[in-house]
Ligand code: SAM
């Protein structure tokens, strides 16, 4: 691993490097970020697209490396992002299209890629207040589902996504793509099932778990009482009993047709926007 990847930059003062070779060690390190092991070791991840990079910088995310294709050189927004990266001590790489294609594993790659430090919120630092909604996902496996949920949580005004148990990595390329930038806006928290249940008792939240065998129609729940955590089950096996029995309500989304269940991300979206509808009606009355 190169010094740049380990330390998050070449030193206090940033640099601009031109790279055309796929064999360049920094390029190899960036490509290794497709592996979870490397992301974990370096606490970093990759996000594609100029808009995403600019949004992340605006939100204060720490950038380690900005990569842009030669064709993007001279564009004011790219130059600005490069200047901000350098000012923060990051590295800027100007690369050939071949290099950026191989980094993103795409034939028609984005012209700009940012390597950012991962940021997690600690469960013990989470003090939900009335009017807030969180999503808790039990062992979510599918990167596309997780990305869609993070994006939907952001769009519904939720306050964070809690990953319970062994979940897919929110910082994988596929998940980050599916979040469409919301990965930078939504606090992410991870916890074991035990930690989550212990926190639930202390934090004074109301856990509304969704379950195919739920006894309550999700539309009859009042989401305005206490901060609400919407707890969603794993794609294959649903919610385990140990979590379901600790919930304050077990909600069911009534279905028609022959489908056994809704897709996890769709079910989460339905729940989030129902909770939002309740909270908005409270605001309207105030
Ligand atoms: N075979 C799984 C089961 O038996 O629960 C299906 C899991 S479903 C694909 C994934 C998650 O989405 C569920 O655990 C639940 O949280 C939520 N979900 C999907 N459809 C739902 C529905 N109609 N009512 C309540 N929750 C639902």
Considering only residues that are touching a helix residue (DSSP H, G or I) at 6+ places or on another chain (Cβ under 6 Å) and under 14 Å from residue 208 (Cα atoms), look in segment 251-268 and name the one that is nearest to the ligand (Cβ to nearest atom).
253
Among the residues of segment 52-63, is there at least one that is within 18 Å of residue 22 (Cβ to Cβ) and in contact (Cβ under 8 Å) with a residue 12 or more places away in the chain?
no
Is it the case, given these coordinates, that residue 279 is modelled with pLDDT under 95 and either within 11 Å of the ligand (Cβ to nearest atom) or surrounded by 12 or more Cβ atoms within 10 Å (Cβ to Cβ) (or both)?
yes
Could you please let me know if residue 68 is more than 14 Å from the chain's Cα centre (by Cα) and surrounded by fewer than 20 Cβ atoms within 10 Å (Cβ to Cβ)?
no
Consider segment 137-159. How many of its residues are surrounded by fewer than 18 Cβ atoms within 10 Å (Cβ to Cβ), within 14 Å of the ligand (Cβ to nearest atom) and in a loop (DSSP other than H, G, I, E, B)?
1
Among residues belonging to segment 224-240 that are within 26 Å of residue 194 (Cβ to Cβ) and more than 12 Å from the ligand (Cβ to nearest atom), point out the one that is nearest to the chain's Cα centre (by Cα).
229
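The values are calculated or read from the model by the stated rules, or taken from the named source; none is laboratory data. Because the structure is predicted, anything quoted here is derived from the model rather than measured. Cβ: placed from backbone, ideal geometry, glycine included. Neighbour counts: every protein chain shown.
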